[in-house]
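Structure first, commentary second.
The values are calculated or read from the model by the stated rules, or taken from the named source; none is laboratory data. None of the values given here were measured: they were computed from a predicted structure. Neighbour counts are summed over all protein chains in view; Cβ atoms, including those assigned to glycine, are modelled from backbone coordinates with ideal geometry. Note: areas computed on protein heavy atoms with side chains; ligands, DNA, RNA excluded. Shrake-Rupley method; radii C 1.70, N 1.55, O 1.52, S 1.80 Å.
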Amino acid sequence: MVNRKDDLPSILKAIQQQARNVALPETAVVQAIRTVSESFALADAPVEIEERALSTQQYLAVPPDSVVNGDFETNLTSWTEGISAGLTATTTQQTAESKTLFGSLGALQVDVTASTTTGQARRYQDITASVGQVWSFEVWYKGSAYVFAHARLRLQWLDGADVQIGSEITAISSDTVSDWTVRLAIENQTAPASTAKLSVSLEINITLAFGTGKAWFDLARAELAQTVVSSRARRII
């Protein structure tokens, strides 16, 4: 085989897509990735190859009732925009923020450029849920230019009339990081009485007037009756 390392990401992506489509067993994915890596004369240790396969199994093999388009590959399909009055903001898909350490080629960018009050700029998605179910959530994130602002993953339990039940639950980051090393997570949350759905929001929260901030979100997911695993295995080629 011609040794063209530039082709490697697309080839591995194809393997991962096939794993998603036909539910390949983990051993088959490991072997496929190892074969491709060796043919390109990569120096990866076996454990690194296995972690990529693990990521394929744990992220790309998305369980039922999880977030739709959490990798933002299909523009912002299934994500609804919400921008509070008094905020000048945009929420867009950014392929320019694609990365080499994750499998997704798109990301959600939330950019608040001006504000006259507090509030949120966000994209959110509602997921069907039932009383007593246990859910876990995560999203990878990076951000910049925070003034009276922070990024957050926010969860709201809703009843059949879309009225919030109890208090919202948040995972907050005020870190201004230029890479994808920050993981926001909310784990093992039990749906309270009267729950019909849950709303998952990815947002910039402005805490004082004149706040600004920009953040990117990727690989958002919600898992039913599982704890989200924090691992470098999430970072696919």
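Remarks
- Residue within the stretch 123-140 that is at pLDDT 95 or above, farther than 18 Å from residue 201 by Cα, open to solvent by 40 Å² or more (accessible area, probe 1.4 Å) and not in a loop (DSSP other than H, G, I, E, B) present: no
- Residues being of a type outside the set (S, T, N, Q) and not in a strand (DSSP E or B) - total across the stretch 145-187: 10
- Members of the stretch 163-198 found to be of a type in the set (Asp, Glu), at pLDDT below 95 and out of contact with any Ser or Thr (no Cβ under 6 Å at 6 or more places or on another chain), listed by number: 175, 179
- Lone unmet requirement of (1) modelled with pLDDT of 95 or more; (2) open to solvent by less than 50 Å² (accessible area, probe 1.4 Å); (3) not in a strand (DSSP E or B) for residue 102: (1)
- Applying the set (1) in a strand (DSSP E or B); (2) under 21 Å from the mean Cα position of the chain (by Cα); (3) of a type in the set (Gly, Ala, Ser); (4) surrounded by fewer than 22 Cβ atoms within 10 Å (Cβ to Cβ) to residue 114 leaves exactly one unmet item: (2).
- Qualifying positions in the stretch 69-97 - among the charged types (D, E, K, R) and open to solvent by 50 Å² or more (accessible area, probe 1.4 Å): 73, 81
- In the stretch 210-224, the residues that are under 12 Å from residue 120 (Cα atoms) and outside any strand (DSSP E or B): 211
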